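The values are calculated or read from the model by the stated rules, or taken from the named source; none is laboratory data. Because the structure is predicted, anything quoted here is derived from the model rather than measured. Please note: Cβ atoms are built from the backbone with ideal geometry, for glycine as well, and neighbour counts cover all protein chains shown.
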Amino acid sequence: MHIRGTPRRTGGAHLHLAAEAGAIATGREAVRETLREAGWATEGVELAVLAADEALANAIEHGSPPGATVEIATTVAAGGAVAEVVVTDRGRPGVRAPVGVPAAPPPSSDHGRGLIIMSALADELEVGRAGRGTRVRLRFARPAPLATPPRDAADAVIA
């Protein structure tokens, strides 16, 4: 799915986090809170949170030297129909920024699935350079609410 336009900020979070594993939980919670405040249902929220978790983990492990910061910004479009999560790292000397989504690694590999997972969860994924680092932009269309059964159908007895 291609989402047109750029979300106008109606609410959101913009954080600079220490590039350490403990910061991932703070980033996840910022995404979760932003989408919940915009009225997103749990399923859509958690898909975005999982994708953001992968982006933050990659930024911290592969794109940030010790002592650096990682930036995460979450915005929601007016009306709440589109959300965007952007994770930017500072770059690590000697490590090239990824371009696009790589092929799947061998099953025995412990690494190499983050961008693949993000691509599967987000409606749009962009990976590009940001100075010496990498910027991952994840965009999500708000999932349609699940249809609820008619009141009398919920009360029906199945024989």
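If we scan the range 30-37, do we find a residue that is in a loop (DSSP other than H, G, I, E, B) and either modelled with pLDDT of 95 or more or within 21 Å of ARG90 (Cα to Cα) (or both)? Can you show your working first?
We begin by selecting, within the range 30-37, every residue in a loop (DSSP other than H, G, I, E, B); these are none.
Checked the range 30-37: no residue is in a loop (DSSP other than H, G, I, E, B) and either modelled with pLDDT of 95 or more or within 21 Å of ARG90 (Cα to Cα) (or both).
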Among (1) under 15 Å from the mean Cα position of the chain (by Cα); (2) more than 19 Å from THR134 (Cα to Cα); (3) among the hydrophobic types (A, V, I, L, M, F, W, C), the one test that ALA57 misses | (2)
Pair list, Cβ under 6 Å, 6 or more apart: the range 26-43 residue surrounded by fewer than 18 Cβ atoms within 10 Å (Cβ to Cβ), other residue part of a loop (DSSP other than H, G, I, E, B) and of a type in the set (A, V, I, L, M) = none
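Name the single residue, out of those in the range 108-139 being among the charged types (D, E, K, R) and assigned to a loop (DSSP other than H, G, I, E, B), that is nearest to THR88 (Cα to Cα).
Only one residue tops the list, namely ARG132.
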Which of the residues that make up the range 117-159 are modelled with pLDDT under 90 and of a type in the set (Ser, Thr, Tyr)?
-> THR148
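Determine, yes or no, whether ALA48 is among the small types (Gly, Ala, Ser) and within 18 Å of LEU121 (Cα to Cα).
On the way: among the small types (Gly, Ala, Ser): yes; within 18 Å of LEU121 (Cα to Cα): yes.
Criteria met by ALA48.
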Residues of the range 68-116 that turn out to be within 12 Å of ASN58 (Cα to Cα), modelled with pLDDT under 85, surrounded by 12 or more Cβ atoms within 10 Å (Cβ to Cβ) and out of contact with any helix residue (DSSP H, G or I) (no Cβ under 8 Å at 6 or more places or on another chain), as a count = 3
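Taking the options GLU46, GLU61, name whichever one is within 28 Å of ALA144 (Cβ to Cβ), of a type in the set (Asp, Glu) and in a helix (DSSP H, G or I).
Details: GLU61 fails: within 28 Å of ALA144 (Cβ to Cβ).
Result of the check over GLU46, GLU61: GLU46.
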Kindly establish whether ALA23 is crowded, with 18+ Cβ neighbours inside 10 Å, within 21 Å of HIS111 (Cα to Cα) and at pLDDT 95 or above.
-> no
